[in-house]
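To start, the structure itself, in structure tokens.
Nothing in this text is a laboratory measurement; each read-out follows from the coordinates by a stated rule. On a predicted model such as this, the values are computed, not experimentally measured, just so you know. Ideal geometry is used to build each Cβ from the backbone, glycine not excepted, and the neighbour counts take in all protein chains shown.
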Amino acid sequence: MNHTGQQPTPQQPLASGFGHYTAAAAVVEGMNLSGCVAIVTGGYSGLGLETVRALASVGVRVYVPARRPDHARGVLAAADLGGVEVFDMDLGVQASVKEFAREYVATGNRLDILINNAAIMACPETRVGPGWEAQFATNHLGHFTLVNELWPVLADGGARVVALSSTGHKVSGIHFDDPQFTRGYDKWQAYGQAKTANSLFAVELDAKGTDYGVRAFAVNPGGIMTGLQRHLTNEEMVAAGWMDDTGKLKDGFKSAEQGAATSVWAATSPLLDGRGGVYCEDCDIASPTDPESEFARFAGVDEHAVDPDSARRLWTLSAELTGVNAFG
């Protein structure tokens, strides 16, 4: 149960009318969101860039915090998105996240949409901050701190928060006994943990935020070839079944425009008014994973990624690690 006593949103599709290959532009076609303000992390490459493009096309004023702000400005200008404002922020550095968020709150700007899009995947063992594993630190803890520090403006506007997860969540739950992989690092287990964390974060944020009109959603964008694969060799991607020996992608992969669609749908769809705390895919709420299905590895959400007890436990751990908790 969430804090309002309402029943949680069922983890079952709504028949949105969209699908696997829907493009982000189609999701917002006919909308006018002038006056709305969004922040999109990683909004200058891959899925993030197409997310920004779709939102800006219907009048949303978009801010993009970026680890390389000059590079981000150049990319956005080349994409005819020069009106998008870029700020300096490194998700892997807690002080940088706090500085950006506090400066944003101080401006008095509103915030209607926050899309936690930026991520790293399957990187070599890397330690950041006080020795945190980089994927958990960047993909989850950085966004955890960002949301908690932005809480005054999120709550003021009854915002939607979208956390990008992936089918990677199926690889691993949260290693509560060793979340930083101090006893042996496995890049895929670490990525899986981070993507489960993104989903559980949405579950608990929604439970905490509903009284304030803030709703949160986890999103699986699907399989898309972007800069996220920078740490993988072609041989690894062939072995994973993503492509054949010639480099041709297997059926089911999406373009970046299609991959951005579910984030945009979760951020804007009227169908989701009054709903939240669910994992979405293919522009709809996902079904629970059918373990008997041949597509179980690629479709649906595993129970551990939407478990409310695990979500509360992860929130407590994250608040202890970061020292940040808007609900503390």
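Over the Cα atoms of segment 24-318, how large are the radius of gyration and the largest Cα-Cα distance (Dmax), in Å?
Both quantities, over Cα of segment 24-318: 17.8, 53 Å.
Please state the charge dipole magnitude for segment 269-311, taken about the Cα centre, from unit charges on C-beta atoms (+1 on K and R, -1 on D and E), reported in debye and rounded to the nearest 20.
180
Given a 10 angstrom Cα cut-off, can you work out which residue in Gln12, Gln258, Gln94 is the most mobile in a GNM of the chain?
The residue with the greatest mean-square fluctuation here is Gln12.
Magnitude of the Cβ-charge dipole of the chain, K/R +1 and D/E -1, about the Cα centre, nearest 20 debye?
Magnitude of the dipole: close to 600 debye.
Could you tell me which GluC sites (Glu not before Pro) in segment 269-302 are loop residues by DSSP with no more than 11 other beta carbons within 10 angstrom of their beta carbon?
Glu292, Glu294
How many nm is it between the label spots at His71 and Glu99, if each spot is 7 Å from the Cα in line with the beta carbon?
With each label point 7 Å from Cα toward Cβ, the separation is 1.8 nm.
Under 14 Å between alpha carbons, and skipping anything fewer than 8 positions from Lys98 in its own chain: which aspartates and glutamates qualify?
Reachable aspartates and glutamates: Asp88, Asp90, Glu149.
Quick check: residue separation of Asp80 and Arg110 times 0.36 nm, minus the Cα distance between them. What number comes out in nm?
Extra length available between Asp80 and Arg110 comes to 8.4 nm.
Among the DSSP beta bridges whose two residues both lie in the chain, what percent are antiparallel, rounded to the nearest 5?
Of the beta bridges lying entirely in the chain, close to 15 percent run antiparallel.
Could you tell me the calculated FRET efficiency between Ala326 and Cys123, based on Cβ-Cβ distance and R0 = 35 angstrom, to the nearest 0.05?
Approximately 0.75, to the nearest 0.05.
Quick one: net charge of Leu14's neighbours, Cβ under 12 Å, K/R +1, D/E -1?
So the environment of Leu14 carries a net charge of -2.
Test of understanding: ordering Asp211, Asp206, Asp90, Asp156 by Cβ neighbours within 10 Å, fewest first, what list do you get?
In order of increasing Cβ crowding within 10 Å: Asp211, Asp156, Asp90, Asp206.
What does the charge add up to near Gly209, with Lys and Arg as +1, Asp and Glu as -1, over the other residues with Cβ less than 13 Å from its Cβ?
Once positives and negatives cancel, what remains is 0.
Under a cut-off of 25 Å between alpha-carbon atoms, report the lysines in cross-link reach of Lys254, not counting same-chain residues fewer than 8 places apart.
Excluding near neighbours in sequence, the set is Lys170, Lys187, Lys195.
Expressed as a rounded percentage, what relative contact order does the chain have, with Cα pairs under 8 Å and six or more residues apart?
The value is 23 percent.
Restricting attention to segment 85-139, which GluC sites (Glu not before Pro) occupy a DSSP loop and are surrounded by at most 16 other Cβ atoms within 10 Å?
Answer by residue number: Glu125.
Could you work out how far apart the two model spin labels at Asn32 and Phe298 are, taking each label as a point 7 Å from the Cα in the direction of the beta carbon, and quote it in nm?
4.1
If we count every other residue with Cβ under 9 angstrom of Gly276's Cβ, Lys/Arg +1 and Asp/Glu -1, where does the sum land?
For residues surrounding Gly276, the net value is +2.
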